[in-house]
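For reference, the structure discussed in these notes is given below.
Taken together, the values in this text are just the output of simple stated rules run on the coordinates, not laboratory data. Remember, predicted model here, so these are calculated numbers, not experimental data. All Cβ positions, even for glycine, are placed from backbone atoms using ideal geometry, and neighbour counts span all protein chains on display.
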Amino acid sequence: MKPAKFEYHAPRSIEEAVALLDKYGEDARVLAGGQSLTPLLNFRILQPRALISINHCPELAYLEQCENELVCGALIRQAEAERSAMVRQHCPLLAAALPWVGGISNRNRGTVCGSLAHADPLAELTAVAVALDADFVIANKEGQRQVKAEAFFVSDLTTCVEPGEMLKEVRFPRSQNGERAAFVEVGNRWHGFAVVGVAAQFKFSDDGLCETARLAAIGVGSTPIRLSGAEEILVGTNAEGEVLREAGHMASQSVDPPGGFHADAAYRAQVLGTLVERAVEKALGKHPEHRRN
Amino acid sequence: MDSTEVMDVELTVNGKRYKRRVEPRLLLADYLRHEIGLKGTHIGCAHGVCGACTVQINGESARSCLHFAVDVQGCEIRTVEDMATPEALHPIQQAFHECHALQCGFCTPGILMTAEEFLRTNPDPSEEEIRTALSNNLCRCTGYVNIVKAISVAATRLQQHKN
């Protein structure tokens, strides 16, 4: 299999990369890990005139903690983030979601930012970004601009990144002490594509009451969806029993999922409720992933 | 480098340097097979799903069908040909041989490359961990039972070698 011809560019800095993107406009694509882009090129679904590889810009391979954020540069590979003690400590939800992304040979090469910029509606990391209200820093020749996760994702495979621009970094809010996170999903095959997935992060008080809840889902819309209704039900409760079922029910009611080959709309809505319950239980260490329905 | 035309692409594969004039759209898998004749790397799906073309880039498993040769210049590429010596199979290969962990053998090179990285990072894995590690390498013959067994046998032997 062979992609259509393209011009290959290997800029050595983000300035060079952005200048090339500006020059080619919508005829260019950014190549990082290539785990999503290369299949589209191999199938000739995409036939860009130019590929701008950022794999030779080591300055984009940074993972840093700031006062309130964990900052992930465009060239941080998923496996690197997964192994990072800093990610586990300061962004446990990202750490929980990463093992669900493809297989290890995909994660060794695929980047955190690349998965987000590709915006596959079933990409686990998109739900993490929306649940945490992450900030996306987009570079262009004027400099850079910053948008929130919910504004970044426009539709399936579509983001607010314009021709001439690229995603430079994602800034995840640092988790506070005592916050608990979980990622759960159902799919047809272990490590295959998700059918529906839920990213969840909670803060519980010492006496077991839910103080904050952040929930977002993939597989129930063309972009990741924040489950605000379910969050409101959980806050101020012990997030158990009837309350938990009510939150799941609210999540199911609040979405209007697409159908599809692997699952119809009704199943997606229903399983979303179950996954919200499982996410809470898993975050609280109740190991529901071993439970069979 | 800004051309659609052929260009010199220099790769380090199994410790040896190669230079070929190829188009930038040439996939690493095709460079290995057709340009330098290392046909141990197999191409199944050519879109990153089956795992047959798995090689190692800087010691980490990667799909050679999802990389352009031009873009991995400067990396250390390792293929299945690097595992055995003229005298002996690699302990993982030997375990595959003894446990009957291959039938048609098409998926085997990719699984060996995946397993070698896996056992380096997790020298004493559980069966569940082995199955998770294999979950992105498709085998349509064996049903995986003997592959899991072979990797488990190889893990034990590699541990003994170390001690």
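The spacing between the stretch B:103-163 and the stretch A:133-153, judged by their C-alpha centroids, is 42 Å.
Percent of Cα pairs in chain B per distance bin of 10 Å, from zero to the largest separation: 11, 39, 32, 14, 4, 0.
With both partners inside the protein assembly as shown, how many of the DSSP beta bridges are antiparallel, as a percent to the nearest 5? Could the numbers behind the result be given before it?
Details: 55 of 64 bridges.
Antiparallel: roughly 85 percent of the beta bridges in the protein assembly as shown.
In the neighborhood of A:E69, defined by Cβ-to-Cβ distances under 12 Å, what is the net charge if each Lys or Arg adds +1 and each Asp or Glu adds -1? Charge balance near A:E69 sits at -3. Each part reduced to its alpha carbon centroid, the stretch A:1-36 and the stretch A:183-219 end up 34 Å apart. A crude spin-label estimate for the pair A:S222 and A:L46, with each label 7 Å from Cα along the Cβ direction, gives 1.8 nm. Spatial offset of the stretch A:223-269 relative to the stretch A:41-105 amounts to 28 Å, using the alpha carbon center of each.
Below 9 angstrom from the Cβ of A:G197, what's the summed charge of the other residues (Lys, Arg +1; Asp, Glu -1)? If you can, show how the numbers build up before the last one.
Values: positive: none; negative: A:E124, A:E185.
Here the charged neighbours net out to -2.
The mean number of partner chain beta-carbon atoms within 10 angstrom of a residue's beta-carbon across peptide B:12-25 is 2.
Computed over the protein assembly as shown, the convex hull of the alpha-carbon atoms projects to a mean area of 22.6 nm².
Summarising the amide proton neighbourhood of A:L70: residues at separation of 5 or more, or on other chains, whose placed amide H is nearer than 5 Å comprise A:F172, A:R174.
The string of couplings for the stretch A:243-254 from the Karplus curve (6.51, -1.76, 1.60, θ = phi - 60°) is 4, 5, 5, 5, 5, x, 4, 4, 4, 4, 6, 8 Hz, one whole number per residue in order, with x for Gly and Pro. Other residues whose C-beta falls under 13 angstrom from the C-beta of B:Q159 contribute a net charge of +2, scoring Lys and Arg +1 and Asp and Glu -1.
Inter-chain Cβ neighbour count for A:6-12, averaged per residue, equals 5 (cutoff 10 Å, partner chain atoms only).
Over the residues of the stretch A:1-109, compute the C-alpha Rg and express it relative to 2.2 N^0.38 Å.
Numbers: Rg = 15.7 Å, N = 109, 2.2 N^0.38 = 13.1 Å.
Dividing the Cα Rg of the stretch A:1-109 by 2.2 N^0.38 Å gives 1.20.
The simple Förster model, with R0 at 22 Å and r as the Cβ-Cβ distance, assigns A:K2 and B:K39 a FRET efficiency of 0.80.
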